[in-house]
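Student: The structure that follows is given in the form of structure tokens.
The values are calculated or read from the model by the stated rules, or taken from the named source; none is laboratory data. Owing to the predicted nature of the structure, the values given are computational and were not obtained by experimental measurement. No Cβ is skipped: glycine too gets one built from the backbone with ideal geometry, and neighbour counts run over all protein chains shown.
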């Protein structure tokens, strides 16, 4: 077996062990390293199989983040991304930045979350926090955007989730912040964040129109996976595109 193939197999064994002990951040790191090696060797069936545990570990990270602190809007959010991370704490969370914050702020928060091994999800809306609709934009990968109806005013520009729960103990007025808007009894702030993320990912998938079997489709989907890391359909479409391509380094 070629050295590179052994390397991929060894890395994925580490990824499997990390996933079994629910160390999702380590599993993601191993999967990305193995994915890069498989891509370089054009081992497309292996590449496609690696995307399965990568998709799962990112799905788990999103679920953990959604159970933590939630922030929808950042006009009143002061300090630095590191200070925001300190406020969020070890339980993780989801942060949707709005003006005046920019792609560099979103990128820095996600970078610090990775370094600090935190389950953090980040989105960016290029909109004023008081607007009726928000334009969700990618801050990594190619330009992708999607317009969504803004969250209800009582959810905007403040800490929700477990941080709101703690605040409620000191100030009973905040107990109403977690109530969903009329007509959306099933939806909470975390659901709003996840839904916005899903719509941005769907918009990214829709940009790729190359047919299966065209290697360019792999390139374009890879680039868009950087826009929404946990979008399950993006992982599935990329795996499908890889399986449709046959190259010199392919396996039976």
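Student: Assess whether residue 100 counts as being modelled with pLDDT of 95 or more and either surrounded by fewer than 21 Cβ atoms within 10 Å (Cβ to Cβ) or touching a strand residue (DSSP E or B) at 6+ places or on another chain (Cβ under 7 Å) (or both).
Tutor: yes
Student: Does residue 240 satisfy the criteria of being out of contact with any strand residue (DSSP E or B) (no Cβ under 7 Å at 6 or more places or on another chain), at pLDDT 65 or above, in a helix (DSSP H, G or I) and surrounded by fewer than 16 Cβ atoms within 10 Å (Cβ to Cβ)?
Tutor: Values: out of contact with any strand residue (DSSP E or B) (no Cβ under 7 Å at 6 or more places or on another chain): yes; at pLDDT 65 or above: yes; in a helix (DSSP H, G or I): yes; surrounded by fewer than 16 Cβ atoms within 10 Å (Cβ to Cβ): yes.
In short, yes.
Student: A further question follows. Give me a count of the residues in region 106-115 that are out of contact with any helix residue (DSSP H, G or I) (no Cβ under 6 Å at 6 or more places or on another chain) and surrounded by 14 or more Cβ atoms within 10 Å (Cβ to Cβ).
Tutor: Going through region 106-115 one residue at a time, the tally reaches 4.
Student: What pairs can you find where one residue is in region 133-153 and assigned by TED's automatic domain parsing to the domain that holds residue 196 and free of Cβ contacts under 8 Å to residues at least 12 places away in the same chain, the other is surrounded by 15 or more Cβ atoms within 10 Å (Cβ to Cβ) and in a loop (DSSP other than H, G, I, E, B), and their Cβ atoms are less than 9 Å apart, with a gap of 6+ or different chains?
Tutor: 143/227
Student: A further question on this structure: Condition first: modelled with pLDDT under 95 and either under 26 Å from residue 162 (Cα atoms) or in a helix (DSSP H, G or I) (or both). Now tell me which residues in region 202-215 satisfy that.
Tutor: Residue satisfying the conditions is 215 alone.
Student: Answer with yes or no whether residue 48 is over 23 Å from residue 219 (Cα atoms) and either touching a strand residue (DSSP E or B) at 6+ places or on another chain (Cβ under 9 Å) or in a helix (DSSP H, G or I) (or both).
Tutor: no
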